[in-house]
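Here the structure is laid out as structure tokens; the discussion comes afterwards.
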Amino acid sequence: MSQKGNFRHEILISDDGSTDGTQRIIERYAAKHPKLIRNISRGGNHGISGNYRHCFREAAGEVVAVLEGDDYWTDPEKNLRQAERFRADPEVVMAFSRIELLNMQDGTRRTLRRQDGLPPVITGQQIIDDQFLNPFANFSSTMFRKQVMTTLPRKVFLPRLSEITLGLYLDRIGKIAFLDKVMGVYRLNPDSVWTGADLESKHLQAISIRENALRFARPAYRGEVLRHLNQKRSELEKLRASQTKVA
């Protein structure tokens, strides 16, 4: 709500089956700010990808920024600065900024070294050069051209919408702009889908995402994506072997 800009700003909130009172908070804010906030929650749990598809379809603007449930923006001109990149270059399909990580267990903060030195426009090369295939950090740092997001191939959302798969797909159809400034905070929440998962579950998620990303990477990058995939498979085998020995 603190975002500033010379554009009509619409806030869409889609609660995906929370059981902690989130829906009541959303309803209260939407009633207080009816011209700004639209509650598009559908009831029940539709999953991460299903909820994203719903939000992208409902967005009225030319560009759409993502703010995930655990995170928050710190720069009131975050959306304005990113939107300017789209206005300046019609080939830009995605923009992202630096993000700070907040460890919810000990309160420590840090920026990501892997975002150091990124160029103003990145390509698949910067994605595959990253040890995690993810220089974006998380979706709360991003903005997209709405038309692109509503026409994504359905398989991009498998097994869930991932920065890795989406980044490699968007690299094929347009430019990815980078703003070298911290504009938001990514909370490392021990109860979140990723941070809160056990080690084997993280490896299984990583493998599934990389298998899907391999479909969408440019031919020149597929060998490197496959190397990352095989590395995760090897790490999972070693983890399971060590667990078997302990048992």
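The values are calculated or read from the model by the stated rules, or taken from the named source; none is laboratory data. The shown structure was predicted, so the numbers you read here are calculated from the model rather than taken from an experiment. In this analysis, Cβ positions are derived from the backbone assuming ideal geometry, glycine residues included, and neighbour counts consider all displayed protein chains. Keep in mind that these areas ignore ligands, DNA and RNA; they rest on the heavy atoms of the full protein, side chains included. Shrake-Rupley method; radii C 1.70, N 1.55, O 1.52, S 1.80 Å.
How big is the gap, in Å, between the Cα center of segment 22-91 and the Cα center of segment 158-236?
If we compute the Cα centre of each part, the gap is 22 Å.
Once you have a ≥ b ≥ c as the square roots of the Cα gyration tensor eigenvalues for segment 169-247, tell me rounded if a/c is under 1.5, and otherwise prolate or oblate according to whether a/b is larger than b/c. Numbers along the way, then the final one.
Details: a/c = 3.14, a/b = 1.33, b/c = 2.35.
Note, shape of segment 169-247 comes out oblate.
Of P119, F136, I173, which is farthest towards the positive pole of segment 58-192's charge dipole, taken about the Cα centre with +1 and -1 on the beta-carbons of Lys, Arg and Asp, Glu respectively?
With unit charges placed on the Cβ atoms, the residue in question is I173.
What shape does segment 153-212 take by its C-alpha gyration tensor, where a ≥ b ≥ c are the square roots of the eigenvalues and a/c under 1.5 counts as rounded, a/b above b/c as prolate, and the rest as oblate? Walk me through the numbers before you get to the answer.
Numbers: a/c = 2.76, a/b = 1.17, b/c = 2.37.
The shape class here is oblate.
If you place +1 on the Cβ of every Lys and Arg, -1 on the Cβ of every Asp and Glu, and leave all else neutral, what size is the dipole of the chain about its Cα centre, to the nearest 20 Debye? Can you show the working numbers first?
Values: 39 positive and 30 negative charges, 99 e Å.
It comes to approximately 480 debye.
In whole angstrom, and with the biggest value first, how far do the Cα coordinates of segment 1-107 range along each principal axis?
Taking the Cα atoms of segment 1-107, the three principal extents are 42, 38, 28 Å.
Expressed as an acute angle from 0 to 90° and rounded to the nearest 10, what is the orientation of the C-alpha long axis of helix 219-246 relative to the principal long axis of the chain?
70 degrees
Which angle between 0 and 90 degrees, to the nearest 10, do you get for helix 163-173 versus the longest principal axis of the chain when only C-alpha atoms count?
Computed tilt is about 70 degrees.
Thinking of the chain as a set of Cα atoms, what percent of all their pairs are more than 32 Å apart?
Value for the chain: 21 percent of Cα pairs lie more than 32 Å apart.
Relative to the longest principal Cα axis of the chain, at what angle does helix 199-216 sit, 0 to 90 degrees, rounded to 10?
With both axes taken from Cα atoms, the answer is about 80 degrees.
Where the accessible area of the chain is counted over protein heavy atoms with a 1.4 Å probe, how much of it, in %, is carbon and sulfur? Mind showing how you got there, number by number?
Numbers: 6530 of 13220 Å².
Of all accessible area on the chain, carbon and sulfur atoms account for 49 percent.
Can you report the principal axis dimensions of segment 82-229 using only the alpha carbons, biggest first, rounded to whole angstrom?
42, 31, 28
Measuring with a 1.4 Å probe in the full set of protein chains, what accessible area per residue, in whole Å², belongs to the chain? Please list the in-between numbers first.
Details: 13220 Å² over 247 residues.
Here the per-residue accessible area is 54 Å².
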